[in-house]
Amino acid sequence: MALNSSVFTFNRKGKLSELQLPAVMGILNITPDSFYTESRFYDENEILNYCGQMLSEGASIIDIGAVSTRPGAEYPGEGEELRRLMRAFPALRKAFPDTLFSIDTWNSKIAEAMLNIGADMINDISAGLMDQDMPEVILRHKCPYIIMHMKGDPKTMQSMTDYENLIREVNRFFIERLNYLRSIGIADIIIDPGFGFSKNIEQNYELLDKMQMLTYHGAPVLAGLSRKSMIYKALGITPEESLNGTTALNTIALMKGAGILRVHDVKEAVEVVGVLGKMAQS
């Protein structure tokens, strides 16, 4: 299957902007408990330096998360999530004024606070189902909205892996959420099939194999495969040893129609996009 090369046009602070796809989204975790230890950052200078490194390596979007969403994770509370973000985001916004910043949160009050001080988009693992006020915040700010498929929440999701037909149910979920969000006026939506969220290892690979069936919703597809358990548990290794497997799955995801790769390792993902782009030109 050919590389899905296109342009995502979206509203950014009242102006139309364009994102060339495929694009790479770099992960910036400011949490003490993310599953991949090397992605955790606390010190402001360390955060700024790592963000700059990802941008220099070719990241088009930086996704900032202040709460771990690994299986079984406990929510630290709205106050703690906000405290972590305020410790980092204002400095990032000032240091990188032209960068496209996404905030990884399902909490509408956190989203509102971050959009008010310069965030560009919201990445919501619950697609607005864990906080019913989130769509209203997105609509008011007219910003891009990433919605992910998940059943339950991070604490319960891995007990909710029963499907009659996985790809059909994921597609039905996106049809329902997209119809609702578009009906209230939200236009710029990206969909994320939710690898590792309420899916076991075999289901993750089935979803990846059939991911091209998610490309017909009129929304870019984001693939978040980076160093996940579907790689390291399948190979009997650790997240720290999972870069090679991540690169392999990112390659497959792009060939299946992914428009955005959400990754810990930007340089390697950008190289995958580059070589597949060359192949598409041949």
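Among the conditions (1) of a type in the set (S, T, N, Q); (2) touching a residue at least 40 places away in the same chain (Cβ under 8 Å); (3) within 28 Å of LEU276 (Cα to Cα), ASN204 misses just one, which is (2).
Could you list, in sequence order, the residues of the stretch 201-253 that are outside any loop (DSSP other than H, G, I, E, B), among the aromatic types (Phe, Trp, Tyr) and over 16 Å from PRO71 (Cα atoms)? The answer is TYR205, and nothing else.
For the stretch 253-275, a tally of residues being small (Gly, Ala, Ser) and under 15 Å from GLU57 (Cα atoms) returns 2. Annotation for the stretch 245-263: at least one member residue is in contact with an Asp or Glu (Cβ under 7 Å, 6 or more places away or on another chain), crowded, with 21+ Cβ neighbours inside 10 Å, basic (Lys, Arg) and in contact (Cβ under 8 Å) with a residue 12 or more places away in the chain. Taking the stretch 1-58 as the region of interest, the strands (runs of 3 or more DSSP E) fully inside it that hold 2 or more residues being at pLDDT 95 or above and surrounded by fewer than 19 Cβ atoms within 10 Å (Cβ to Cβ) are 6-12, 15-21.
Applying a threshold of 7 Å to beta carbon distances and a minimum spacing of six or more residues, or different chains, the list of pairs starting in the stretch 158-177 at a residue that is within 18 Å of LEU222 (Cα to Cα) and ending at one that is at pLDDT 95 or above and small (Gly, Ala, Ser) reads ARG177/ALA127. Screening the candidates LEU225, LEU243 for the property of being within 14 Å of the chain's Cα centre (by Cα) and farther than 17 Å from PHE8 by Cβ yields one hit, LEU225.
The values are calculated or read from the model by the stated rules, or taken from the named source; none is laboratory data. Keep in mind that this is a model prediction, so the values were computed, not measured. Methodologically, a virtual Cβ is constructed for each residue, glycine included, from the backbone with ideal geometry; neighbour enumeration extends over all protein chains shown.
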